[in-house]
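Following: one structure in structure tokens, then a few remarks.
The values are calculated or read from the model by the stated rules, or taken from the named source; none is laboratory data. Source: prediction; values computed, not measured. Positions of Cβ are generated from backbone atoms using ideal geometry, with glycine treated the same way; all protein chains shown enter the neighbour counts. For the accessible areas, the whole protein counts, side chains as well, though only heavy atoms, and no ligand, DNA or RNA atoms are used. Shrake-Rupley method; radii C 1.70, N 1.55, O 1.52, S 1.80 Å.
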Amino acid sequence: MFLGFYFKEDLSLFFPEKDSLSNLESSTIIGRESLLISTNTSCINLKLKDRPNKCNQVCSSEGGNFISDKCSGNDEVYCKCDIIIYDKILPVKKPEQNFKSKTKKAYERLKLELSRVPENIRNLLEDVEVKLYSLSEKKSVEKVTSTQNSKNSFGDIFKVEPERKDECMEAFNYLNGLRSENGRRALKWDDRLYNLAVFRAKDMFDRNYFDHITPEGNCAKDFQSDFGISSNEFLAENAGGMSYYSKGDVAGNCKETVDGWMTSRGHRYNFLYDEHVSGAIGCYNEICLFYGSHSNPYGLGAGPCTTGEEGLAYWETAGKQKGEV
């Protein structure tokens, strides 16, 4: 998905070129700097008594005041100038009302374009604020910033975050709807299981593998105590992914993963497992995991760790399970 914005309004008022400024009447002096500026004239051709006049001209042309002159080692006259540093300058010939009107038009165009962005992306913009200052107060327009992180660039606003809890919870509610359609009770959302799912998904993403067990041979039951999950709670895991253009560039959403799992016998059985009482879906970039939790020590997921390949092989030959849809 590609998002782009453009404006037909004249935004040159925001970033005026230096050459377009006719004077500095509306600017504020914020500091001074002492600079050596070449006169492009040799010490021989410019007599000692003529140097101050020449340097006065050079310094004035740079918006500063002459301090002293100097003959350099390469036989060139330099002028030491006290240069005045101004803040950001806006053209004083533009009426204040015109500047504010142009700013408002640009902002309104931005809001119109944002209204066309898909809702799941637009939700990321809720904390973005644009502050418009009058010409008399700041003489500039403050950059678009995020109230959550002022260091974010404008492009970062549209970046899909690796973790998307709200999106996962919506997918979980969708799953509960599927359970209801199949005569199953709704599962209670469990933040512990969500955090475990994100941890496992991130580990797969960062270490570039995809399986129910880690390269070291560990599975969810080996990590559950780290997330406050007791040994009397038994977990059954689904692992899947969303479509993406390249690693980390997500094109789909968590609900897409749920639909994919429902087409797979083993994953569907876990989704609709009658003994589950709680659960969660967690994603990191395009990798998603579901955990269902129950208390039956002989139930689904209570056995030893198995690989994804072993799980697929089992469901290819297994007879119909109790309660299987």
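Observations on the structure shown:
- Count of residues meeting criterion [modelled with pLDDT of 80 or more and open to solvent by 70 Å² or more (accessible area, probe 1.4 Å)] in region 46-55: 1
- On the stretch given as region 60-77, residues that are farther than 16 Å from Ser34 by Cβ and either assigned to a helix (DSSP H, G or I) or touching a residue at least 60 places away in the same chain (Cβ under 8 Å) (or both) total 1.
- Number of the exception - Lys202 against (1) under 19 Å from Leu175 (Cα atoms); (2) surrounded by fewer than 18 Cβ atoms within 10 Å (Cβ to Cβ): (1)
For every residue, the table says whether it meets (1) over 30 Å from Asn253 (Cα atoms); (2) at pLDDT 80 or above; (3) of a type in the set (Gly, Ala, Ser).
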position	(1), (2), (3)
Met1	no, no, no
Tyr6	no, no, no
Phe15	yes, no, no
Glu25	yes, no, no
Leu35	yes, no, no
Thr41	yes, yes, no
Gly63	yes, no, yes
Asn74	yes, no, no
Tyr78	yes, yes, no
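- For region 31-45, filtered to residues that are of a type in the set (S, T, N, Q) and either within 12 Å of Val77 (Cβ to Cβ) or in a helix (DSSP H, G or I) (or both), the residue that is least open to solvent (accessible area, probe 1.4 Å) is Thr39.
- Remark: pairs (first residue in region 46-59, over 16 Å from Asp75 (Cβ atoms); second residue of a type outside the set (S, T, N, Q) and open to solvent by 20 Å² or more (accessible area, probe 1.4 Å); Cβ separation under 6 Å; 6+ apart in sequence or on different chains) = Cys55/Phe66; Cys55/Asp69; Asn56/Phe66; Val58/Ile37; Cys59/Phe66.
- Qualifying residue in region 276-289 (condition: within 12 Å of Leu235 (Cβ to Cβ) and hydroxyl-bearing (Ser, Thr, Tyr)): yes
- Subset of region 267-325 (residues that are among the aromatic types (Phe, Trp, Tyr) and without any contact (Cβ under 8 Å) to a residue 24 or more places away in the chain): Tyr298
- Selected residue (criterion: surrounded by the fewest Cβ atoms within 10 Å (Cβ to Cβ)) from residues of region 145-190 that are at pLDDT below 50, touching a strand residue (DSSP E or B) at 6+ places or on another chain (Cβ under 8 Å) and over 19 Å from Tyr284 (Cα atoms): Thr147
- Filtered residues of region 261-286 (kept if open to solvent by 20 Å² or more (accessible area, probe 1.4 Å) and part of a strand (DSSP E or B)): Tyr284
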